[in-house]
Structures are given as C-alpha cells and as structure tokens.
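Report on the following structure.
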Amino acid sequence: MKKFLIVANWKMNPKTVAEAVREADKIEKSARKLKRVKTVIAPPLPFLGFLLGKKGIEVGAQDISPDRGIGAATGEVSGAILKRFGVRYVIVGHSERRARGEDNETVSEKTATALKEGVTPIVCVGEQKRDEEGKYLRELRDEIRKSLARVPKTRAKNIVIAYEPIWAVGAEAKAADNPEETLETVLFIKKCLSEVFDRTKADSIPILYGGSVTPKNAATFLERGGVKGLLVGRASLTPQTFIKILHHAENAGKK
Ligand code: PGA
C-alpha cells in the first residue's frame, strides 16, 4: 500500500530558526514511527538546511525558479540547487502565489523544471468560488490544462496535485470543503488529468486535499474524499496539532 502524503505548508512561519528546528524535531519524533504516512515540511527558504537530514521527515520548498541549472537570475532558486541540497518536494502554484500574479504559464514552467531537475512538484489547483451551475469545473479544467501544459507525458507519474479550493484556504475561509464534494471534484480532476496525459498516467498521480484541514476533518478527507494526502497550512504550525493529523492519517480507514 502506498503511503499517505501529509505536507506541512509553513508559509512565512515561524519567526526564528530555533523555533523551526524545535517544531520540526517534535514532528519528526512522531513521524518516524508512522508506517502509512510520509511527512513533508515546507518551511521558509532560509530554514530549509536546518531541517534536512532528519529520518522521519522530508523537506519541501515553497517555490522554485522556472529557470534551470545555475546562472544569472537574481533572487531565484533553481530545482538544481534544491535537489543537490537534499530537497525532494516543492509546492508550485499555491493560490497565495497566484494571487501575487503567478499565472498558469509560469506554474507550468516551474512544474516542468522541477520534474527535469528531479524535485517532485506539488502543483496546487482550485477554484475561486463554487457555484451551483458547475462553472467552477470549467475554471478548474482550464487551470489544470494550462498549469501542466509543459509537462512531458513521460514525467506525469512524478507529479503530485494538491486540490485546494481557494474559498477554503487560510484564516479568511469559512470552512473546509466537505469530503463528499471533494470526492466529486477529485474524480473530475482525474478526468482532466486523463485528457492531459492518459488514463493510466492520470491514475498514477496522487491528489491531495488542502484548505482548513484540522485534526477533526483530516481522516474524513482521506477516507471519503478520494485523496491520497493533505496539504496543511495553519494546523501545521503547532506541532501537537499537526502530529494529531499525522496520527489520524496513520489510522485512516482502519476501523
Ligand atoms: P490552511 O492553508 O490549512 O491554513 O487553510 C492550506 C494551504 O494554504 O495550503
């Protein structure tokens, strides 16, 4: 059985490297005992190096340059640098980056670069609003197609998709999605992926859910939402809370 992928998106937290290490150590102590969960922490860039080399967790970046290799690109960090540093995952096209002007074309370039350099891209997609007429599905299909436009078919199996309905993400969100609707959307996303690649390849792509995940709802998404993991923001900032989520994932579907 494949493991659930549980990703902590720390965004611009915490304030100090000491806190980051302390929190990561707490998480790692629990994570290393789990058999059915792979735990990834994506901290702010300057903290990455301090979190590497711990047995129970993988480290992820929150962004990647669309440029390859090394060279004249001030402010950018390439997949080549991340890979050689020991970073295995990168979040691409998060809604908070898209809100700052990152378009599908750039997301697609970043995804393709990550794949070429051997870093697994966690590509975020999700609608702004959900409407009764299903217009959001068109928005989602368009976003998926364009965000993956530059991905060679042969590399499709190395992508992870994070379905994050924007209305459910962050402190402003009213609530998380419910797992039944997530399942419907996940099936739709699979259909879109099989249009971009093919059915077999699409089936091999893990889809995560993100948006107001808590210890209370974590297992319901894994059991009934058709997803293979979770992308967790706020609830990943307190180790005790995030560890609860990891344990729920470890036990999901066992009862
Ligand atoms: P949230 O954030 O869990 O705080 O809603 C999720 C995310 O932005 O990835």
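The values are calculated or read from the model by the stated rules, or taken from the named source; none is laboratory data. No experiment lies behind these values; they were computed from the predicted model shown. No Cβ is skipped: glycine too gets one built from the backbone with ideal geometry, and neighbour counts run over all protein chains shown. Quick note on the areas: whole protein, heavy atoms, side chains included, nothing else; ligands and nucleic acids left out. Shrake-Rupley method; radii C 1.70, N 1.55, O 1.52, S 1.80 Å.
The number of residues in the stretch 233-255 being over 23 Å from E28 (Cα atoms) and either in a strand (DSSP E or B) or within 11 Å of the ligand (Cβ to nearest atom) (or both) comes to 0. Looking only at the stretch 14-31, decide whether some residue is among the β-branched types (V, I, T) and within 20 Å of the chain's Cα centre (by Cα). Yes, because at least one residue in the stretch 14-31 is among the β-branched types (V, I, T) and within 20 Å of the chain's Cα centre (by Cα).
Evaluating K146 against the criteria (1) out of contact with any helix residue (DSSP H, G or I) (no Cβ under 8 Å at 6 or more places or on another chain); (2) more than 16 Å from L187 (Cα to Cα); (3) touching a residue at least 12 places away in the same chain (Cβ under 8 Å) leaves one unmet condition, (1). Taken over the stretch 93-114, the criterion of being buried (at least 24 other Cβ atoms within 10 Å of the Cβ) and either free of Cβ contacts under 8 Å to residues at least 60 places away in the same chain or farther than 22 Å from I81 by Cβ (or both) is satisfied by G93, V107, K110, T111, A114. Residue-level check: of (1) of a type outside the set (A, V, I, L, M, F, W, C); (2) touching a Phe, Trp or Tyr at 6+ places or on another chain (Cβ under 9 Å); (3) surrounded by fewer than 17 Cβ atoms within 10 Å (Cβ to Cβ), T182 misses just (3).
In the set (1) out of contact with any strand residue (DSSP E or B) (no Cβ under 7 Å at 6 or more places or on another chain); (2) open to solvent by less than 30 Å² (accessible area, probe 1.4 Å); (3) among the hydrophobic types (A, V, I, L, M, F, W, C); (4) assigned to a loop (DSSP other than H, G, I, E, B), A80 fails one condition alone, (4). If the condition is being open to solvent by less than 50 Å² (accessible area, probe 1.4 Å) and under 20 Å from A18 (Cβ atoms), then the stretch 34-55 contributes I41, A42, P43, P44, F47, L48, G49, L51, L52, K54. The set of residues in the stretch 126-171 that are open to solvent by 50 Å² or more (accessible area, probe 1.4 Å), of a type in the set (D, E) and either farther than 28 Å from R234 by Cβ or within 13 Å of the ligand (Cβ to nearest atom) (or both) comprises E132, E133, D142.
Anything in the stretch 211-232 that is among the hydroxyl-bearing types (S, T, Y) and either open to solvent by 30 Å² or more (accessible area, probe 1.4 Å) or away from the ligand (no atom under 15 Å from the Cβ) (or both)? List them, or say none.
Listed by number, the residues that qualify are T214, T220.
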